[in-house]
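Colleague: Sending over a structure as structure tokens; questions will come in a sec.
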Amino acid sequence: MIFESHAHFDDDAFDEDRDSLLESLRENGIEYVINVGASMESTERTFALAKKYPFIYGAVGVHPTDTLPITEKDMDRLKELAADEKVVAIGEIGLDYYWDEPDREIQKKWFRRQIELSREVNLPIIIHSREAAKDTLDILHEMAEGEYRGVMHCFSYSPEIAKEVIKMGFYIGVGGVCTYKNAKKLVEVVEEIPLERILLETDCPYLTPVPYRGKRNSSLYLPYVVEKIAEIKGISTEEVERVTYENGMKLFLNK
Ligand code: NI
């Protein structure tokens, strides 16, 4: 059984076959899915999916590249949604310096504000951090109140940084990128951190694993990620599935 910790099934890419695809997940071994909001609009769509499907849970939040139009009113709405039992995390939130906009100060402001929100509603956080390692770590250290509960999703930094965020309490999200030829750094991360700190994720419709790279991604391709992690760590695919499943249950479903 696989725990999918990061999907965007509300994306347009699934408009044609969303329901039939989602209905096929469980018979293919995908037990739970965390669908992750990235804007206020996708957060509302995420919430609707979580209410429709018993095995889908939602994360509500605003991705750094979507923070420009955000106001305190939106924080009120996120808080309202977070009170529902099908909402299990605040995310994805963070910093993305690959893009020049919005301004870094705006990204930082809403990253901090949504960390605060996660405390107000007592939920873990899903962090998106791209080309912004230093500022992400600075903010996390500055705002730390004991251990964090959360995941650094689509991890793209060094093994040293992975160990630092694990020490702060975080899990590391690993997806299709680990199957790519140029994924040396992520392979090292997987090698060096304990399986007990890894979550499986797709970030679908993006980041499709080999051999389907370039096609639309979905949770159905997670077995390719499981296989790669098993190969890197020299353990069985069953163990990778079992431990990452337990990790997802512990972090998001308190079981
Ligand atoms: Ni995402």
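The values are calculated or read from the model by the stated rules, or taken from the named source; none is laboratory data. Since the structure is predicted, the reported quantities are computational estimates derived from the model, not experimental observations. Because the Cβ atoms are built from the backbone with ideal geometry, glycine has one as well, and the counts that use them run over all protein chains shown. Accessible surface is based on the protein model in full, side chains and every heavy atom, while ligands, DNA and RNA are left aside. Shrake-Rupley method; radii C 1.70, N 1.55, O 1.52, S 1.80 Å.
Colleague: How would you order 99-106, 115-122, 200-207 from highest to lowest mean count of nearby Cβ atoms within 10 Å? Provide the component values of the computation, followed by the final result.
Modeller: Working: 99-106: 11.8, 115-122: 15.6, 200-207: 22.9.
Per-residue Cβ counts within 10 Å, averaged per peptide and sorted highest first, yield 200-207, 115-122, 99-106.
Colleague: Where a Cα-Cα gap under 19 Å defines reach, which lysines qualify for residue 79, not counting those fewer than 8 residues away within the same chain?
Modeller: 51, 109
Colleague: Next question, about the same structure. Using a Förster radius of 35 Å, what is the FRET efficiency between residue 72 and residue 236 based on their Cβ-Cβ separation? Nearest 0.05, please. Can you show the working numbers first?
Modeller: On the way: r = 49 Å, r/R0 = 1.40.
With a Förster radius of 35 Å, E is 0.10.
Colleague: Here is a further query. Multiplying the sequence separation of residue 1 and residue 192 by 0.36 nm and subtracting their Cα-Cα distance, what value in nm do you get?
Modeller: Numbers: separation 191, 0.36 × 191 = 68.76 nm, distance 2.43 nm.
Here the answer is 66.3 nm.
Colleague: With a 1.4 Å probe and all protein chains left in place, how much accessible area per residue does the stretch 35-172 have, in Å²?
Modeller: Numbers: 5970 Å² over 138 residues.
Roughly 43 Å² per residue, with all protein chains present.
Colleague: Would you mind calculating the gained length between residue 163 and residue 137 on full extension (0.36 nm times residue separation, minus the Cα-Cα distance), in nm to one decimal?
Modeller: Details: separation 26, 0.36 × 26 = 9.36 nm, distance 1.20 nm.
So the extension gain works out to 8.2 nm.
Colleague: Once R0 is set to 22 Å, what does the formula 1/(1 + (r/R0)^6) return for the Cβ-Cβ distance between residue 212 and residue 182, expressed as a FRET efficiency to the nearest 0.05? Don't skip to the answer; put the middle values down first.
Modeller: Numbers: r = 17 Å, r/R0 = 0.77.
E(calc), rounded to 0.05, equals 0.80.
Colleague: Which of the lysines could a cross-linker bridge to residue 181, judged by Cα under 21 Å and excluding same-chain residues fewer than eight apart?
Modeller: Result set, ordered by chain and number: 215, 228, 233.
Colleague: Hey, any idea what % of the chain's accessible area is carbon plus sulfur with a 1.4 Å probe? Intermediate results must be reported in sequence, preceding the final value.
Modeller: Numbers: 5470 of 11360 Å².
C and S atoms contribute 48 percent here.
Colleague: Rounded to whole Å, give me the distance from the Cα center of the stretch 138-156 to that of the stretch 69-130.
Modeller: A separation of 13 Å, based on Cα centres.
Colleague: If I build a Gaussian network model for the chain, linking alpha-carbon pairs within less than 10 angstrom, which residue out of 238, 191, 44 has the largest mean-square fluctuation?
Modeller: So, out of 238, 191, 44, the one fluctuating most is 238.
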